[in-house]
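The values are calculated or read from the model by the stated rules, or taken from the named source; none is laboratory data. Please read these numbers as outputs of a predicted model, since none were measured by experiment. Cβ: placed from backbone, ideal geometry, glycine included. Neighbour counts: every protein chain shown.
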Amino acid sequence: MTLSKDSILKKIKKKTGRPMKVSELARALGISEVQRRQFRNQIKLMAGEGTLVRLRGGRYGLPDKMNLVTGVFCGHPNGYGFLTSDTSEQKGDIYISPKYTAGAMHRDKVIARIESHNSSGRPEGRVMRILERSTTSLVGLFEPLDGNGWVIPMDNKYFYDIFVSSKHKLGAKTGQIVVVDITSYPEKHQPPIGKITEILGYSNDPKVELNS
């Protein structure tokens, strides 16, 4: 058996009906002893990218068999978002309310669970896990506060303002457009944290608007 991710996925869809441990999957798929280490590594990679989901007890399963969907989160200025699935099996985007984003930012790759459907039939869900952060830096407007400051992203789909401590302001002043590197991503009770790496100029400068 060729141990590509595609071939493993096809075998799992065909031969398994429930989440299993790696050893159980190996037996079910007929993986030889000499291929076990490579197989285990492939399973871990597939879980990391969301093709499989790792559950408690070290069991792995298919997302769609557990009402889970892997895809890209698209933020909205009002704090909610939509998940666009990686596969054609999920029809339409999934609405994610502000309280269920789990710190996901615009363009992050996530796993979400469908929990209900609204009156028009649109699925609604919550982010269960963030698989990959897509954004490491942003351009935004600097606003000082109590010696520290906040960077308000120019792209309002990034609905979190980024906190910048006094030692990481790089001398930025009110109304300047800056580049901020994200050093800590948002969590339940904590905003994203960053440090300013470049000051582009003031927001009313046409050249700055063009570059940002």
Which of the following residues is within 29 Å of VAL72 (Cβ to Cβ) and either in the same structural domain as THR87 (by TED's automatic domain parsing) or part of a helix (DSSP H, G or I) (or both): GLN35, GLN42? GLN42
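Rundown of residues vs (1) charged (D, E, K, R); (2) within 16 Å of the chain's Cα centre (by Cα), yes/no style:
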site: MET128; (1), (2): no, yes
site: THR135; (1), (2): no, yes
site: LYS157; (1), (2): yes, yes
site: ILE177; (1), (2): no, no
Residue list for the range 58-71, filter: modelled with pLDDT of 90 or more and surrounded by fewer than 20 Cβ atoms within 10 Å (Cβ to Cβ): GLY58, ARG59, LEU62, LEU68
